[in-house]
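Engineer: Take a look at this one; I'll ask things after.
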Amino acid sequence: MKHVKISDLTVGNDLPLTIIAGPCQLESADHAQMIAGKMKEACDAAGAQYVFKASYDKANRTSISGVRGPGIAKGLDILDDVKKQIGVPVLTDVHTPEQCADAANVCDVLQIPALLCRQTDLVLAAAQTGAAINVKKGQFLAPWDMANIVAKIESVGNSNILLTERGTSFGYNTLVTDMRSLPQMAATGYPVVMDATHSVQQPAGLGGSTGGQREFAPVMARAAAAIGVGAVFIETHEDPDKSPSDGPNMIYLDQMPQLIDTLMRFDALAKANPIQI
């Protein structure tokens, strides 16, 4: 079973759970640091490792009018400030090969969005930076197809790989998550991440924007922790309905401490009694 180094953290399917969490989209330096600070405090109290996540650009918005974020230059400055002020590793999405080197100069983890996970040039450019790479499984892929993406990343000598489940397209504007995918992706040896909030999205479900069922996000997180995974990915905001992106599936920030504590309890049971497949 492989372990992945992220700054001073080590992530593995057989190690205590890591929480990857933050707002969907960067809003301001103060806002990012507020969320990162509260999340670090909650994770420290529960004994969880913590990685801050946020996007400097939401390049796959449903509508042309969707707010995309501060852009790469300002966004990376905000992420760098979070790293320095809060003292946590940071993760962000990359959307083109040209963004990868600049993003890796600041971020500990580069994330390949689900809709871009088969874009070979992007995957290779991200991998070549030497940063840890989190690949979100496309809504159109089977879990065993992720082995092909792993092979692309490994081909340039990078073995710091995380694989994320975020739901599979199920008819129009709907996702479903097959929990068998978690141990199936873990068969690669690499740490598996459960994206608890994007998996309850309703893509383009509001017509010009994406809907969601945030009440089910903790259900997905608890189920994954009970199976035993390397990390859980959660988007959170103090007022999700006012978030510029993905509000309908985000968890309220003030609910996160109790949820993280619960997840760590499930995680301890799962890691003490690992599933054999």
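The values are calculated or read from the model by the stated rules, or taken from the named source; none is laboratory data. Model, not experiment: these values are computed from the prediction. Using ideal geometry, Cβ is built from the backbone for each residue, glycine included, and neighbour counts are taken over all protein chains shown. SASA here: full protein model, heavy atoms, side chains in, ligands and nucleic acids out. Shrake-Rupley method; radii C 1.70, N 1.55, O 1.52, S 1.80 Å.
Engineer: Give me the dipole magnitude in Debye, nearest 20, for the range 93-208 about the Cα centre, with unit charges on the beta carbon: positive for Lys and Arg, negative for Asp and Glu. Don't skip to the end; give the middle numbers.
Structural biologist: Numbers: 6 positive and 10 negative charges, 60 e Å.
Rounded to the nearest 20 debye, it is 280 debye.
Engineer: Could I ask something else about it? What are the trypsin sites (Lys or Arg not before Pro) within the range 147-254 that DSSP puts in a loop, where the Cβ has at most 16 other Cβ atoms within 10 Å?
Structural biologist: Those that pass, being in a loop and sparsely packed, are ARG180.
Engineer: Top mean-square fluctuation among ILE260, ILE19, ILE149, Gaussian network model of the chain, C-alpha springs under 10 Å?
Structural biologist: ILE149
Engineer: Throw me the Rg/Rh for the range 72-174, computed over C-alpha atoms with Kirkwood Rh, two decimals.
Structural biologist: 1.00
Engineer: Let me ask another. If you find the alpha carbon centre of the range 1-78 and of the range 137-155, how far apart are they in angstrom?
Structural biologist: So the two Cα centres are separated by 23 Å.
Engineer: Using the charge dipole of the chain (Lys, Arg: +1 at Cβ; Asp, Glu: -1 at Cβ; taken about the Cα centre), state which of TYR190, PRO244, HIS31 has its Cα farthest towards the positive end.
Structural biologist: About the Cα centre, the residue reaching furthest to the positive side is TYR190.
Engineer: Further question: Read through the labelled values [x] 0.92; [y] 1.00; [z] 0.98 and report the label of the one computed as Rg/Rh (Cα atoms, Kirkwood Rh) from the structure.
Structural biologist: [x]
Engineer: Order LEU115, LEU17, most accessible first, counting only protein heavy atoms with a 1.4 angstrom probe.
Structural biologist: LEU115, LEU17
Engineer: Follow-up. With unit charges on the beta carbon (Lys/Arg positive, Asp/Glu negative), name the residue among ILE72, ALA268, LEU206 whose Cα is farthest towards the positive pole of the charge dipole of the chain.
Structural biologist: ALA268
Engineer: Starting from the Cα of LYS242, draw a straight line to each of the aspartates and glutamates and keep only those under 13 Å, dropping any in the same chain fewer than 8 residues away.
Structural biologist: GLU27
Engineer: Here is a further query. Residues with beta-carbon under 15 Å from that of GLY47, excluding GLY47: net charge, scoring Lys, Arg +1 and Asp, Glu -1?
Structural biologist: Residues near GLY47 contribute -1 overall.
Engineer: Leaving out same-chain residues fewer than 8 places away, which lysines sit with a Cα under 18 Å from that of LYS53?
Structural biologist: Straight-distance partners of LYS53: LYS5, LYS38, LYS40, LYS74, LYS83, LYS84, LYS136, LYS137.
Engineer: For the range 71-124, compute Rh as the Kirkwood radius over C-alpha pairs and then the Stokes-Einstein diffusion coefficient at 4 °C and 1.567 mPa s; write the answer in µm²/s, rounded to an integer. All intermediate terms of the calculation are to be shown ahead of the outcome.
Structural biologist: On the way: Rh = 11.5 Å.
This corresponds to a translational diffusion coefficient of 112 µm²/s.
Engineer: In debye, nearest 20: dipole of the range 1-43 around its Cα centre with unit charges on the Cβ of K, R (+) and D, E (-)?
Structural biologist: So the magnitude is around 160 debye.
Engineer: Where in the chain is the longest stretch that carries no chymotrypsin sites (Phe, Trp or Tyr not before Pro) classed as loop by DSSP and with at most 12 other Cβ atoms within 10 Å? Walk me through the numbers before you get to the answer.
Structural biologist: Values: sites that count: PHE140, PHE170, TYR172.
My reading of the result: 1-139 is the longest stretch.
Engineer: Right, next: If you put +1 on each Lys and Arg Cβ and -1 on each Asp and Glu Cβ, how big is the dipole of the chain around its Cα centre, in Debye rounded to 20?
Structural biologist: 540
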